[in-house]
Amino acid sequence: MTEQGKSSLFPTYARYPITLVKGEGSRLWDDTGKEYIDMMSGIAVAALGHAPQVVKEKLIEQLDQLWHVGNLFHIPNQEKLAGLLTDNSCADAVFFCSTGAEANEAAIKIARRYSQKVLNNGRYEIITFNMSFHGRTIATLTATGQDKVKEGFLPLPEGFVYADYNDIESVRNLVNDRTCAVMLEFVQGEGGVLPADPTFVKQLAELCKEHNLLLIADEIQTGVGRTGKLFAYEHYGVEPDIFTLAKGLGGGFPIGAMLSKGYLAEAFSAGSHGSTFGGTPIATAAAHATLSTIIDNQLPERAAELGAYTVKTLESKLAGNPLVKSIRGIGLLIGIECTQPSAEIISEIHKQGVLVIPAGPNVIRLVPALTIPQEDLDQALEVVCGVLSQKASTISGV
């Protein structure tokens, strides 16, 4: 803040009137001492809750050894984390970066470079989907199928076209001799917590094989146990050629990753891509501790169980509520679609000590830590349902 009390930050965020200063597990405290149950986990980032001891210990250990050296040298923690990822996925190779947008940039780049430098077919166009969200860089916001993130940033790079989600004919109609890949989220998070239809995904995988297209899965939000599987593609019985991770991978420490099948490694030869802060000793120590804890403690399975319980509870408590249009999601990525904008409802939920976030204008998104205690979850659901019931009563005049 300046001396006059005016912030020196760019006003790029419409911030809630809450200043959070402490977190432990699934609880947060603001600067007034008010306590909250966290049902957003930093937008699906704090997969193990806040300040998890297992990650903290590994970070302290690494901080006493080495912070940063750059990718001109071998970094053992990178190899260790990459091995854990490939041993537990369909991928054979990993590129580390710092954010989800960077991971998606890497996916876009490797898809194009594989077509142009390995297959020599000159293809560059990627089909994405309306209402998708892939990041805020120029390329990834162009890949995003929402106009609101593109306003004022023209001209945008060419090479992206948009199909309708869950509509295979819409995709088929866009395939041409420029197409190199199709990029999708198995659950459209920012688009409203919309899961992909299993039949559509199967048809999409078949279409990609038919036309020799790469299938790119954006698992920035769905990956690392969030949906009840370690990776969301496991729900659909397909193996993407490329998929991306970030958010929950570092347990709160920033890290991103682009993973691919081994044959694509030829496209990312020395000097073709890089990231100064990608895969630092600190970041990969935090991520390895997070990922190994998620795997060893079967947290994806727990997310599946708690997710099913959450949906069942919401459906029971909100049955007949005129404000609720639908409840949907996979694992602990759940959306409550309202019949009106959700901003005021979310604000009231915050006032009652539970933190949730929107997914589009009408959807309340629930993305708690995979480790959230049952009692915290029950208490949070009681608040969410209570606010929705109270709001509905106010509208109906009951």
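The values are calculated or read from the model by the stated rules, or taken from the named source; none is laboratory data. Note that the structure is a prediction, hence the values are computed from the model and not measured. Positions of Cβ are generated from backbone atoms using ideal geometry, with glycine treated the same way; all protein chains shown enter the neighbour counts. We work out accessible area using only protein heavy atoms, side chains counted, and drop any ligands, DNA or RNA first. Shrake-Rupley method; radii C 1.70, N 1.55, O 1.52, S 1.80 Å.
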Is at least one residue of segment 259-278 in contact with a Lys or Arg (Cβ under 6 Å, 6 or more places away or on another chain) and within 30 Å of Q374 (Cβ to Cβ)? no
Here the residues within segment 81-104 that are within 23 Å of E234 (Cα to Cα) and part of a helix (DSSP H, G or I) are L81, A82, G83, L84, L85, T86, D87, G100, A101, A103, N104
Looking at segment 221-239, which of its residues are open to solvent by 20 Å² or more (accessible area, probe 1.4 Å) and closer than 18 Å to S98 by Cβ? Q221
Do you know which residues across segment 329-352 are surrounded by fewer than 17 Cβ atoms within 10 Å (Cβ to Cβ) and within 29 Å of Y233 (Cα to Cα)? none
Please verify whether segment 240-248 includes one or more residues that are under 18 Å from G279 (Cα atoms), open to solvent by less than 20 Å² (accessible area, probe 1.4 Å), out of contact with any strand residue (DSSP E or B) (no Cβ under 8 Å at 6 or more places or on another chain) and modelled with pLDDT of 95 or more. yes
Does S326 satisfy the criteria of being among the polar types (S, T, N, Q) and either on the phi > 0 side of the Ramachandran plot or surrounded by fewer than 17 Cβ atoms within 10 Å (Cβ to Cβ) (or both)? yes
Would you say V21 is aliphatic (A, V, I, L, M) and in contact (Cβ under 8 Å) with a residue 60 or more places away in the chain? no
Scanning segment 178-218 for residues that are acidic (D, E) and closer than 19 Å to V363 by Cβ, the one modelled with the lowest pLDDT turns out to be E190
